[in-house]
Amino acid sequence: MNEVAERQERVPAYAWVIFALTFGLLISDYMARQVLNAVFPLLKTEWALSDGQLGLLSGVVAIMVGLLTFPLSLLADRLGRVKSLTVMAVLWSLATLLCSIADNYGQMLAGRLLVGVGEAAYGSVGIALVVSVFPKRLRATLSAAFMAGGLLGQVLGVGIGGAVAAVLYATLHDNDLNFGGSVTVVSPTK
């Protein structure tokens, strides 16, 4: 196909649906990866954790992603990208749920390890799926969107996670919560 014909090539609607779904999952992926950092002070107090233990809770995800991205991406190319993305998203979602109900450090660490396994190849396989259904002329744009989506997910994970944790902490501990002097959340039990 020549360059002019490629620029005029229409992008099918299903390609945008695939992009929207994978982009949304990517944001969710990075939110799940970062949300724990927002509640470190609460976990440190509640479970009497050391800074090293907190670092491992965060770092175990990165370790798993670093170790498993390449082999899981190879596996996804053999087994199918859509199937692999589905399995990964279900795994990290269930692992995130396990983290939310963890009663102790060991359970949380196991959950975070599984989050890392589930997220290991999502970025590489997700972008591979997206660029496979779009014209070549949009590959840089789509790759940039994926990179930005990861950063957006990190910010949302810490920001939303921190706000929710603060409100829950204030509610559970019968305290008023003040956000920088402009917004105050009053505990409903007062």
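How large is ³J(HN,Hα), in whole Hz, for each residue of the range 105-120 in order, when computed from phi with the Karplus curve 6.51 cos²θ - 1.76 cosθ + 1.60 and θ = phi - 60°, using x for Gly and Pro?
4, x, 5, 5, 5, 5, x, 5, 4, 5, 4, x, 5, x, 8, 3
Would you mind working out the magnitude of the charge dipole of the chain relative to its Cα centre, with +1 at each Lys and Arg C-beta and -1 at each Asp and Glu C-beta, to the nearest 20 Debye? Intermediate results must be reported in sequence, preceding the final value.
On the way: 12 positive and 11 negative charges, 120 e Å.
Charge dipole of the chain: 580 debye, to the nearest 20.
Roughly how many Å is it from the Cα centre of the range 125-139 to that of the range 150-171, as a whole number?
Here the two parts' Cα centres lie 31 Å apart.
Could you list the trypsin sites (Lys or Arg not before Pro) in the range 6-46 that lie in coil according to DSSP, counting only those with at most 15 other Cβ atoms within 10 Å of their Cβ? Show your work: numbers first, answer last.
On the way: sites: Arg7, Arg10, Arg33, Lys44; in loops: Arg10.
Here the trypsin sites (Lys or Arg not before Pro) that fit, given the DSSP loop and packing criteria, are Arg10.
Positive end of the dipole of the chain, charges at C-beta (+1 Lys, Arg; -1 Asp, Glu), about the Cα centre: which of Ser84, Gly55, Ala110 has its Cα farthest in that direction?
Final value for the positive-end residue is Ser84.
What do you get for the angle between helix 81-100 and the principal long axis of the chain? Use alpha-carbon atoms, 0 to 90 degrees, nearest ten.
0 degrees
Excluding Gly153 itself, calculate the net charge of residues whose Cβ lies under 14 Å from the Cβ of Gly153, where each Lys or Arg counts +1 and each Asp or Glu counts -1. Display every interim value, and only then the final one.
Working: positive: Arg33; negative: Asp29, Glu119.
Net charge in that neighbourhood comes out at -1.
Test of understanding: ordering Asp51, Asp29, Asp77 by Cβ neighbours within 10 Å, fewest first, what list do you get?
Numbers: Asp51 9, Asp29 28, Asp77 14.
Fewest-to-most ranking of Asp51, Asp29, Asp77: Asp51, Asp77, Asp29.
Apply the Karplus parameterisation 6.51 cos²θ - 1.76 cosθ + 1.60, with θ equal to phi minus 60°, to every residue of the range 124-130 and state each ³J(HN,Hα) to the nearest whole Hz, in sequence, with x for glycine and proline.
5, 6, x, 5, 4, 5, 4
Counting pairs of alpha carbon atoms under 8 Å apart in space and at least six apart in sequence, what relative contact order in percent does the range 3-160 give? Before the final figure, lay out each step's value.
Details: 173 pairs, mean separation 65.3, N = 158.
Across the range 3-160, relative contact order equals 41 percent.
In deg cm²/dmol, rounded to 500, what helix-only [θ] at 222 nm does the chain give when every DSSP H run of at least 4 residues adds -39500 (n - 2.57) and the total is split over its residues?
Details: 8 runs with 150 residues, N = 190.
-27000 deg cm²/dmol, from helical runs alone.
No value in this document is a laboratory result; all are computed from the given coordinates. If you're wondering where the values come from, they're calculated on a predicted model, not measured in any experiment. Note that each Cβ is placed from the backbone with ideal geometry, even for glycine, and that neighbours are counted across all protein chains shown.
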